[in-house]
Amino acid sequence: SFSLSARVEALQGRNLLDSTRARYAAEAGLHRAAYELRGNNPDTRWVADGRVYSFDFEGAKIEVQLYDETGKVDLNVADPLLLTALFELGGLEKREAEQLAAAVADWRDPDDLVTVNGAEASEYKAAGRAYGPRNAPFETVSEVQQVLGMSFELYRELEPLMTIYSGRAQPNPAFASPEVLQLIPGMSPDLIQLLVQQRQQPVVPGQPAPPMALPDGTPVVAQGGGLTYTIRSRATLPGGANAGLEATVRLGASMVARRPFRIVRWRDGESR
């Protein structure tokens, strides 16, 4: 019994050590990504369009994905048409999607006037809610779960596509995921695949990147994204132990903490 107990404790200690190593290796991936995003050379700077970057660190295999928040749908400024298309993408029928889009608009606007198919305080009260709309911009993406008509299942499906840090009425196609690209008028699956392939072509030093354009002829500029990024980092040790995390960071020195970036959202154990 003593021998068995000692062996179990040794295995538990080893597992704890491995999980801790993997956890901090994943954090190393986060800091490496923040560093590479600030690179001075545009030819080698990491691009935040969802592509995977892999490297080894202290024996761990680290995979990092970066997403520029300008490539997502901003809940605070997106118009009802874009929001409707987003909710239809999540599986809602057109009428339900229009109602939810109107409710989102009523949640963030400063007045108590009900838009067509929208929802203000009286509609929330009639639905048995103990609260009404904020009548102010969303403070977090998860806040949209409180909007009348939003289900947890729909939120979970669309959460990676939504943001409050973009400030753009339309997502930036240079960094948008294939799912968000579906929301752009005229974008077919073939055009989406072509655009993703074009923007992920290796950069040849000294040569301009191949031109990219939307179906209406609008050029897609691969440079000049935002300052806020979502970084997913997963570290795997040789023995199989792994850990992941997801953080949304805003680049720029913090005068208080004296750090090159500020974390605005954090999630451990991320596996998506």
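Let's see how each residue does on (1) surrounded by fewer than 12 Cβ atoms within 10 Å (Cβ to Cβ); (2) in a strand (DSSP E or B):
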residue: R21; (1), (2): no, no
residue: A26; (1), (2): no, no
residue: G29; (1), (2): no, no
residue: N41; (1), (2): yes, no
residue: R51; (1), (2): no, yes
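I'm told D112 meets every condition in (1) open to solvent by 70 Å² or more (accessible area, probe 1.4 Å); (2) at positive phi except one. Can you identify the failing condition by its number?
With respect to (1) open to solvent by 70 Å² or more (accessible area, probe 1.4 Å); (2) at positive phi, D112 is out only on (2).
Which members of segment 111-144 meet the condition of being more than 21 Å from A78 (Cβ to Cβ) and either hydroxyl-bearing (S, T, Y) or in a loop (DSSP other than H, G, I, E, B) (or both)?
D112, S122, Y124, A127, G128, R129, A130, Y131, G132, listed by residue number.
Just a yes or no: is a residue in segment 116-138 of a type in the set (V, I, T), open to solvent by less than 70 Å² (accessible area, probe 1.4 Å) and at pLDDT below 95?
Step one: list which residues in segment 116-138 are of a type in the set (V, I, T), which gives 116.
Applying the additional criterion that residues be open to solvent by less than 70 Å² (accessible area, probe 1.4 Å) yields none.
Within segment 116-138 (the criterion being of a type in the set (V, I, T), open to solvent by less than 70 Å² (accessible area, probe 1.4 Å) and at pLDDT below 95), the answer is no, since none of the residues qualifies.
Across segment 188-201, which residue is farthest from G225 (Cα to Cα) among those that are open to solvent by less than 60 Å² (accessible area, probe 1.4 Å) and over 21 Å from the mean Cα position of the chain (by Cα)?
S188
Return the residues of segment 209-239 that are modelled with pLDDT of 85 or more and among the charged types (D, E, K, R); say none if nothing qualifies.
R232, R234, listed by residue number.
Every residue in segment 53-68 that is under 22 Å from V249 (Cα atoms) and open to solvent by less than 50 Å² (accessible area, probe 1.4 Å), please.
Y53, F55, I62, V64, Q65, L66, Y67, D68
Of the residues that make up segment 93-101, is at least one in contact with a Lys or Arg (Cβ under 7 Å, 6 or more places away or on another chain), in contact (Cβ under 8 Å) with a residue 40 or more places away in the chain and either within 24 Å of R250 (Cα to Cα) or assigned to a helix (DSSP H, G or I) (or both)?
No: segment 93-101 contains no residue that is in contact with a Lys or Arg (Cβ under 7 Å, 6 or more places away or on another chain), in contact (Cβ under 8 Å) with a residue 40 or more places away in the chain and either within 24 Å of R250 (Cα to Cα) or assigned to a helix (DSSP H, G or I) (or both).
The values are calculated or read from the model by the stated rules, or taken from the named source; none is laboratory data. Source: prediction; values computed, not measured. Glycine also receives a Cβ, built like all others from the backbone with ideal geometry; neighbour counts cover every protein chain displayed. The area values use the complete protein model at the heavy-atom level, side chains included, leaving out ligands, DNA and RNA. Shrake-Rupley method; radii C 1.70, N 1.55, O 1.52, S 1.80 Å.
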